[in-house]
Each structure stands twice: as C-alpha cells, then as structure tokens.
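The values are calculated or read from the model by the stated rules, or taken from the named source; none is laboratory data. Just so you know, these numbers come straight off a predicted model, no measurement behind them. With ideal geometry, Cβ positions are generated from the backbone for all residues, glycine too; neighbour counts draw on all protein chains shown.
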Amino acid sequence: MGCTVIRHAIVFTVNADDAIYPDGTVVLRDNRIVDVGASEEVFVPDDATQTIDCQGRMAVIPGLIDVHSHSSLLRGVTENLQLLDWLPRYQLEHRALNEEDVYYAALLCYLEALKGGTTCVMDMYRFMHRCADAAGVLGMRVNLVPYAADMPGKDFFETPETNRKLIETHHLSQNGRVRVWVGLEHLFYCSKDAFATARAYSEEYGVRIHTHSSEQKEEVEAVVQHFGQRPIALFNELGILGEKTAIAHCVWLNEDEIKLLADTGTSVAHCPTSNAKLAGGIAPILEMKQAGITIGLGTDGNISNNNLDMFEEMKFASLLQKVHRYDAAALSAPETLRMATIEGAKLLGLDQEIGSIEAGKKADLLLVDLWQPNLMPLVWDNNDTNVLWNLVYAARGSNVHTVFVDGEMVVQAGRSTRVNEAEVLEAIQGQTLDHLRRREAFKSTLTAVVN
C-alpha cells in the first residue's frame, strides 16, 4: 500500500480533544496513520506513493462505525408493522435462507455501507462465513455475530455450536479485519444453557457478546409476564452483562436498568431510525450517557431501516433527543459524531485501533466532498466552523468521495475499487428474486414471537 498523503483537507480527528485542522494533512503508511496535523507542520515523506490534494474542499473524518446491523437481500417488503408483528414476517427470510443468499446479502449491504463511509460494521446474521467472504471481497472491516438460538421451533437460526465453529475458523482472520462475537438472538429464543454457553465461549476465546433487548414496550411486558422480571435484570442473573457485552436497542429502560448497565460496564447499540420506523420508541440516550454508558450508533439493517446511511443515522439520533425533550441543545453534532466513530469503536473493543484520526491507529478514514450544494457554503469563525454541524445534519452517504480501510483505498470517487458494481448488482437482483420464490413456501409457517 505504500505511503499516502492527504493534504489541505479539513481534518476532524475526533481525538480526546476533538481537534480540528482547518488546513490539515494526514499521512498513511501501509495500514496505519503515521502523522496528522496542520499542513505547515506535517512532514511529507519523500517516498510518498500517492498524494491527494483536497484543496480545502474535502473533510477527512474517521471511518463511520455501524454497531448493529442485519444483512438482508430485502428492503421495503415488510412495512407498516409494529415490532412483534414484524418479526414473524422477517423470520420468513431466515426460514428460506441459504449460503448463497447470505453471501449476496452481505455483498449488497457492505457495498452500500462502504460507499456511504461506513468502514466497520457489526453484522448479526446467519451462515456468517459467507459474510466474511463478502467482506474480504470488498475490503470491509466486520464484526460477525451469528443469530444463535436453541429453543424449540427456532431451528432456522444458528446454534451455539455453529457460533463456536465460526470463532475458531474466522476470528481475527483477514489480517484482523474480521472478528467474531458470541450471538444470542433474544430471551424468548435462547435457553439458560445458551446464555451459560455464551458466557463460557466469551471467556474461553476472549470474544465479546451481543444480543437484543427492550426494543418495544410490549416486548418488555411479555418478558416480565413470562420470566417474572425485566430483561436487563434477567441478563444480569444469566451472567452476560459486563464490559465485553453490547446490547442493541435498550429503548424501554427504567432507572434501575440504566444503573445496572452502567455498573457492569455494558455497552448499548442505539438504532434510532429502526426504533422509530417500527414504532418502538425513543431510547433514553441522555440518561444513559450521563450514567457513563458507552453508546454507539447502529442502522439495524436495510430490512428495518431501510438504508445503511450512517450520516442519516447521526442526524436522526440527534433530532429525536431534541424533539423528545423540547431541547434544541440536546445531543449536539459533536457528541453524535463521536457516537458514530470513537464511541462505536469503544463498544467494539477497538478504540485503540480505530475510531479517530491519530498517529498509530489503523488507517480507516473517509474523505467527504464538501463542494456540493447540500454542504455549501463553508464558514469559519476563528476555529469554529459550520462544517461539523453540516456533516451531521446535512451530509448524505452520497457525499462520500474516498474511503480507506486498513490503509487501502476501497472507494474512490464514490465507486468501489474492488468490484464491478454493475455486475455485482445484477447478481444480487437475480439471487433476491430466487430467494423470494423460495420464501413464498414458508408463509404458512408464521408463528408469534410470544405464545
């Protein structure tokens, strides 16, 4: 990969001081950032093999991190339903799913994510060795979480055993870009033994645990009725809360649950767009932040979002908190950008490697073309600028020009450098139509999430 120099860019480091360089330079060597700072202060190596002159018209930010997603071939096919009505229809996909479906679903989703500036995703799906294959083709950094379940009637999910095999075959593969977690689908789908096994695998292999909870009020009520206690307390009893655990959604939490998450160091993957679309509610993000909980942003996948645009996710996350509290200052743009970068990296246990633009970290970053109608004009008042606010409230994934993952330029001028996009999309369309034909046969198998 050699040495790449990015010059005369507006650099948002998202480091501990949120340092911004109005005329900044970033130097990449192989897969690492070796220097970042004001252009007049950064030494440009004589052996630079590539120089990108941004001419003050591009912003450089850390790669965006989607901490909760579900790959899928489908979007726009299961609409206008509450979560507990939506889930049985979503599960038709898994009943019909095969390995080729998974490969093309991951290829579709990772391509969309990369082109929109997402360099790292936590994906929860099935047959995830094929997700690793897709990530390898595109150059994506992925955290793979198998949908694991062991309750009767849930045999169309992964199992703790297949999860273990994926850890052994794929964890830290592709030069460390692929990491495997222990996945637990939901309290209603997983036995106590599954939770005990997840804890044991986490300890044995040194991997992390991911599951869903408290996405909808009715879901929490059903858990209380069935198990006699609220979900977070039950997770604690089952022994999975802790610094190596991330829980998606956490919309319906009370004060005791927030304290329990904070005391155990458990992280939260916040999916505001999906939570709104499925009418789940608005998560108590400010209360969780005040308690010291690490919170990253997730899209929840194309089937429930319906896109993987982390710029949109940032905007929606911030606006929901503002309108929910009638407070225009709630969850500011700088805070939200941190949630989509360094806080997401911390949730993944990767904050020493990615999430900010600092010397020594992996070269996961992107260039945003600011010379576009939706991002103009560029305004400065000393060291304060409207650019940061516009990145959160005005930018779109389509404004992303260049993306580096692990030091490699995987997107250039908005196009993948690894694949012929037209050919990939043609193959995806064919696979999707075939999947939908197979899915039809399972429509008679719809079963409620909670009996």
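Table: residues versus (1) touching a Cys at 6+ places or on another chain (Cβ under 8 Å); (2) surrounded by fewer than 24 Cβ atoms within 10 Å (Cβ to Cβ); (3) not acidic (Asp, Glu).
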| residue | (1), (2), (3) |
| --- | --- |
| Leu286 | no, yes, yes |
| Gln290 | no, yes, yes |
| Leu297 | yes, no, yes |
| Met310 | no, no, yes |
| Leu319 | no, yes, yes |
| Arg338 | no, yes, yes |
| Glu343 | no, no, no |
| Leu347 | no, no, yes |
| Met376 | no, yes, yes |
inquiry  = Being at positive phi and either touching a residue at least 40 places away in the same chain (Cβ under 8 Å) or outside the structural domain of Phe311 (by TED's automatic domain parsing) (or both) is the requirement here; does Asn382 meet it?
reply    = yes
request  = Please note which helices (runs of 4 or more DSSP H) are completely contained in the range 243-308 and include at least 1 residues that are more than 20 Å from the chain's Cα centre (by Cα).
outcome  = 255-264, 285-290
task = Name the residue, out of Val419, Val405, Val410, that is more than 20 Å from the chain's Cα centre (by Cα) and of a type in the set (A, V, I, L, M).
result = Val419
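Yes/no matrix, rows are residues, columns are (1) in the same structural domain as Lys289 (by TED's automatic domain parsing); (2) of a type outside the set (A, V, I, L, M, F, W, C); (3) farther than 19 Å from Pro152 by Cβ:
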| site | (1), (2), (3) |
| --- | --- |
| Glu185 | yes, yes, no |
| Val223 | yes, no, no |
| Gly239 | yes, yes, yes |
| Glu243 | yes, yes, yes |
ask   = What are the residue pairs meeting all of these: first residue in the range 356-377, first residue in contact (Cβ under 8 Å) with a residue 60 or more places away in the chain and among the hydroxyl-bearing types (Ser, Thr, Tyr), second residue outside any loop (DSSP other than H, G, I, E, B) and buried (at least 23 other Cβ atoms within 10 Å of the Cβ), Cβ atoms under 7 Å, and 6 or more apart or on different chains?
value = Ser356/Pro62; Ser356/Ile342
ask   = Do you know which residues across the range 84-128 are farther than 22 Å from Glu423 by Cα, in contact (Cβ under 8 Å) with a residue 60 or more places away in the chain and part of a helix (DSSP H, G or I)?
value = Leu84, Trp86, Leu87, Pro88, Arg89, Tyr90, Gln91, Leu92, Glu93, His94, Arg95, Ala96
task = Take the residues in the range 35-63 that are β-branched (Val, Ile, Thr) and more than 26 Å from the chain's Cα centre (by Cα), then tell me which one is farthest from Asp18 (Cα to Cα).
result = Thr49
message = Scan the range 64-80 and tell me whether some residue there is under 23 Å from Ala19 (Cα atoms), touching a Leu at 6+ places or on another chain (Cβ under 6 Å) and either assigned to a strand (DSSP E or B) or at pLDDT below 95 (or both).
response = no
task = Out of the residues in the range 415-451 that are farther than 30 Å from Glu219 by Cβ and of a type in the set (D, E, K, R), state the one that is surrounded by the most Cβ atoms within 10 Å (Cβ to Cβ).
result = Arg418
